[in-house]
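Novice: This is the structure I have questions about; it appears just below.
Readers should treat all values here as calculations from the given coordinates under stated rules, not as data from a laboratory. Remember, predicted model here, so these are calculated numbers, not experimental data. So basically every Cβ, Gly included, is an ideal-geometry build from the backbone, and we count neighbours across all protein chains shown.
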Amino acid sequence: MLPHKQIELSLQTAVRAVLPDADVAAVLVRPCDPKFGDYQSNALMSLAKTRKLNPRQLATDVVANLDVSAVCEKVEIAGAGFLNFRLKNSLLGQTLEAAARGEHLFFAKAAQPKTIVLDFSSPNVAKPMHVGHIRSTGIGDALQRTLRLLNHRIISDNHIGDWGTQFGKLLLGWKQILNRAELERDAITELERLYKVINAECDANPARLEEAKSELVKLQAGEAENTAIWKEMIALSQKQFDTIYGRLGVRFEQALGESFYNPWLGEVVNELLRRGIARESEGAVGVFSDGSLPQKEDPFLVNRDSEWVADPALVRKSDGGFNYMTTDLATIDYRLKTWSPKEIVYVVDDRQSGHFKKLFLTFARWKSEEAKNTKLVHVGFGKIMGEDGKPFKTRSGDTVKLSDLMDEAEERAFKIVSEKSPALPETQRKEIARVIGLGAVKYADLLPNRQSDYVFSWDKMLALQGNTAPYLQYAYARIKSIFRKAAETFNVQHSTPNIQLAAPEEFALAKHLLNFGITLEAVADELRPNYLCNYLFELAVHFSRFFESCPVLKADDEAARHSRLALCDLTARVLKQGLDTLGIEVVEQM
RNA sequence: GCGCCCGUAGCUCAGUUGGAUAGAGCACCUGCCUUCUAAGCAGGUUGUCGCGCGUUCGAUUCGCGCCGGGCGCACCA
């Protein structure tokens with residue numbers, strides 16, 4: 001068991017001894033400012049507050065019942081009632097040695113693994129994937145990797161947009177203006193062109209719109225020709241998705257598109273109608289407020305001219321078609337029946353938060369038992385802005401395609417790699433550029449708090465200085481370089497080294513390694529990969545300081561050399577594992 | 001109009017149950033490569049945490065009211 005967990009459990013036991021009825025779940029320890037110690041708990045102050053106790057007195061009583069002598073030096077009570085813990089050096093050494101033997105990598109698997117459905121990325125058929133998909137895909141992938149690492153069962157499901165009104169226009173375009181040669185050359189661009197041309201015509205000419213609608217009706221009715229074309233469009237899009245996800249290194253357990261749920265949509269609406277959850281209005285069918293929430297908090301109400309009016313969740317349009325609320329309801333139902341998840345997490349743009357509020361409330365009304373046992377979570381995120389402060393676009397004002405973005409990242413990285421390491425063969429420089437370019441883009445996207453908008457800047461992410469992926473990859477490459485040199489100079493020893501820490505840089509690095517697991521758990525609890533980014537950046541900073549001031553291969557004696565090599569190896573392993581958890585690769589040399 | 005999100009250093013942003021003197025990167029200045037990768041390290045400068053009131057031993061964090069910005073408000077997803 002990792003030291004901080006031992007402290008936590010001992011502390012909880014001590015708290016229970018003093019306050020038998022206290023809820024100790026919130027009695028936790030956190031890494032803290034080194035001037036106070038290695039770990040700190042401030043839980044006693046809030047316990048004292050709710051019970052109107054003197055916090056210093058409570059702390060004194062708890063410490064009297066606390067036995068952490070195997071783990072820590074004397075526990076200090078400080079300030080208003082903080083408990084400060086300083087690890088015993090012997091235990092720190094033992095923990096590192098156990099890690100060096102491969103017994104752990106500073107994190108523990110979840111005691112109670114959960115089944116979680118993760119819904120992310122969700123690109124649309126017949127459209128190019130663009131920057132708008134980076135955040136959902138990158139955050140979603142980092143979350144699935146984190147949760148899997150902690151032993152949870154994750155069903156990642158790509159809810160592809162393969163159904164909807166746009167197919168009427170696409171079908172019309174396919175039949176009338178398709179350029180077969182272009183379709184073979186670049187299918188997505190040609191499909192996009194079809195949509196744009198027909199869409200413009202529909203805007204200008206209602207008769208064209210009627211034509212498109214009738215194509216859609218035929219598709220929805222299962223007419224053979226349109227169904228065949230639709231399937232071909234999906235297949236062509238799937239190729240694009242496969243290429244891009246391949247480059248990104250993102251995998252899904254499932255890719256059940258919207259159309260998968262078509263067979264159930266009619267019954268969903270019928271049941272909602274039958275049970276009075278939905279009703280007809282202006283020809284459409286919608287779910288309206290049931291009045292169970294205060295007006296201000298009710299997503300089914302909107303205030304217009306200081307009057308609260310209905311803002312229903314429509315589940316059937318007046319033309320009889322269904323919309324995405326219906327599909328999403330059927331999707332939840334299917335997921336629950338198929339996988340019995342504890343949670344369903346949607347990694348989707350914050351702008352859809354209103355939709356999810358309505359969706360979750362509607363589902364709770366529809367299937368109240370299931371809803372009680374399942375947590376539905378919307379993990380929202382902000383927009384990507386250009387350096388002009390407006391949504392990120394190309395110079396000509398188009399959305400930036402993901403494939404172009406990745407190409408440019410690799411090209412820019414290649415220039416820098418060639419400049420910094422001209423001696424490396426070109427094939428190797430290309431591979432390094434691929435890993436660094438892609439890593440820089442992914443990291444820049446994961447680093448900001450997900451809920452805020454962030455500014456996309458090539459120069460910032462590929463300046464390759466400061467808190468960027470290349471800085472972390474560089475730290476890793478430097479470690480690997482040490483081991484290459486070590487292999488030339490010494491017989492590489494596989495015996496377990498004794499860790500002996502002396503320099504302050506060694507202690508700081510070692511103690512930071514121990515916090516990997518706390519960080520992973522924080523990412524999992526709050527679904528925020530940026531915590532891991534910051535942890536890894538700090539780890540790289542600690543390593544760089546160590547690297548500057550503590551010679552490894554030229555250490556004073558063999559024992560120190562072995563100890564430092566072990567520290568290097570553990571740092572490399574955590575860096576690699578951590579970056580992998582963010583979906584970012586490393587290179588041995590750069 | 002109503003709701004949601006945001007406002008922290010010149011710029012871009014962190015800030016983990018409310019905690020101790022609010023942090024990082026960039027930019028700017030000064031040192032450090034005949035010694036493990038200088039894509040680095042060490043040091044220096046930078047703040048009415050939008051404004052006000054309240055709760056609290058303690059507020060960037062919680063509540064209320066303003067100001068400023070973004071987004072969303074029935075048959076697109």
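Novice: How would you rank A:Ile436, A:Ile244, going from fewest to most other Cβ atoms within 10 Å of each one's own Cβ?
Specialist: The most exposed by this proxy come first: A:Ile244, A:Ile436.
Novice: Separate question: What are the lysines whose alpha-carbon lies under 22 Å from the alpha-carbon of A:Lys109, with same-chain residues fewer than 8 places away excluded?
Specialist: Straight-line reach from A:Lys109, under 22 Å: A:Lys5, A:Lys342, A:Lys375, A:Lys511, A:Lys576.
Novice: Between A:Leu273 and A:Phe36, what FRET efficiency follows from the Cβ-Cβ distance if R0 is 56 Å, with the result rounded to 0.05?
Specialist: So the FRET efficiency works out to roughly 0.35.
Novice: Express in whole angstrom the spacing between the alpha-carbon centres of the range A:292-320 and the range A:28-58.
Specialist: 46 Å
Novice: Right, another one. Given the pairs A:Lys127/A:Lys358; A:Lys231/A:Lys383; A:Lys127/A:Lys169; A:Lys415/A:Lys554, which span a C-alpha to C-alpha distance of over 23 angstrom in this model?
Specialist: A:Lys127/A:Lys358; A:Lys231/A:Lys383; A:Lys415/A:Lys554
Novice: With runs of 4+ DSSP H residues as the only contributors, calculate the mean residue ellipticity of chain A at 222 nm using -39,500 (n - 2.57) per run, divided by the residue total and rounded to the nearest 500.
Specialist: Rounded to the nearest 500, it is -17500 deg cm²/dmol.
Novice: For A:Val455, which sequence-distant residues (separation of 5 or more, or a different chain) have an amide H within less than 5 Å of its own amide H, given hydrogens modelled in the peptide plane?
Specialist: A:Met385
Novice: Assuming 0.36 nm per residue, please report the length gained on full extension of the stretch A:Leu553 to A:Thr399 beyond their Cα-Cα distance.
Specialist: Going from the current span to full extension adds 50.4 nm.
Novice: For labels at A:Asp407 and A:Asp459 in the simple 7 Å Cα→Cβ model, what's the distance in nm?
Specialist: 2.4 nm
Novice: Roughly how many nanometres apart are two label points built 7 Å out from the Cα toward the Cβ at A:Ala111 and A:Ala224?
Specialist: 6.3 nm
Novice: Want the number for A:Thr489 to A:Glu73: 0.36 nm per residue separation, take away the alpha-carbon distance, what's left?
Specialist: 145.8 nm
Novice: Now, a different point. What order do you get for A:Glu201, A:Glu253, A:Glu548 when you list them from fewest to most C-beta neighbours inside 10 Å?
Specialist: A:Glu548, A:Glu253, A:Glu201
Novice: Which residues among the range A:162-187 fall inside the zone where the amide N is under 16 Å from a point 7 Å beyond the Cα of A:Gln352, along Cα→Cβ?
Specialist: A:162-166
Novice: Expressed as an acute angle from 0 to 90° and rounded to the nearest 10, what is the orientation of the C-alpha long axis of helix A:402-420 relative to the principal long axis of chain A?
Specialist: Between the helix axis and the principal axis of chain A, the angle is about 30 degrees.
Novice: Also, I was wondering about something else. Assuming R0 = 45 Å, can you tell me the calculated FRET efficiency for the pair A:Glu370 and A:Gln238, based on Cβ-Cβ distance, to the nearest 0.05?
Specialist: Working from the Cβ atoms, E equals 0.90.
Novice: How much length, in nm to one decimal, is gained on full extension between A:Arg247 and A:Gln295, taken as 0.36 nm per residue of separation minus their Cα-Cα distance?
Specialist: 12.6 nm is the gain from fully extending A:Arg247 to A:Gln295.
Novice: What is the Cα radius of gyration of chain A over 2.2 N^0.38 Å, N being its residue count?
Specialist: Here the answer is 1.14, to two decimals.
Novice: Would you mind ranking A:Leu58, A:Leu536 so that the residue whose beta carbon has the fewest other beta carbons within 10 Å leads the list?
Specialist: A:Leu58, A:Leu536
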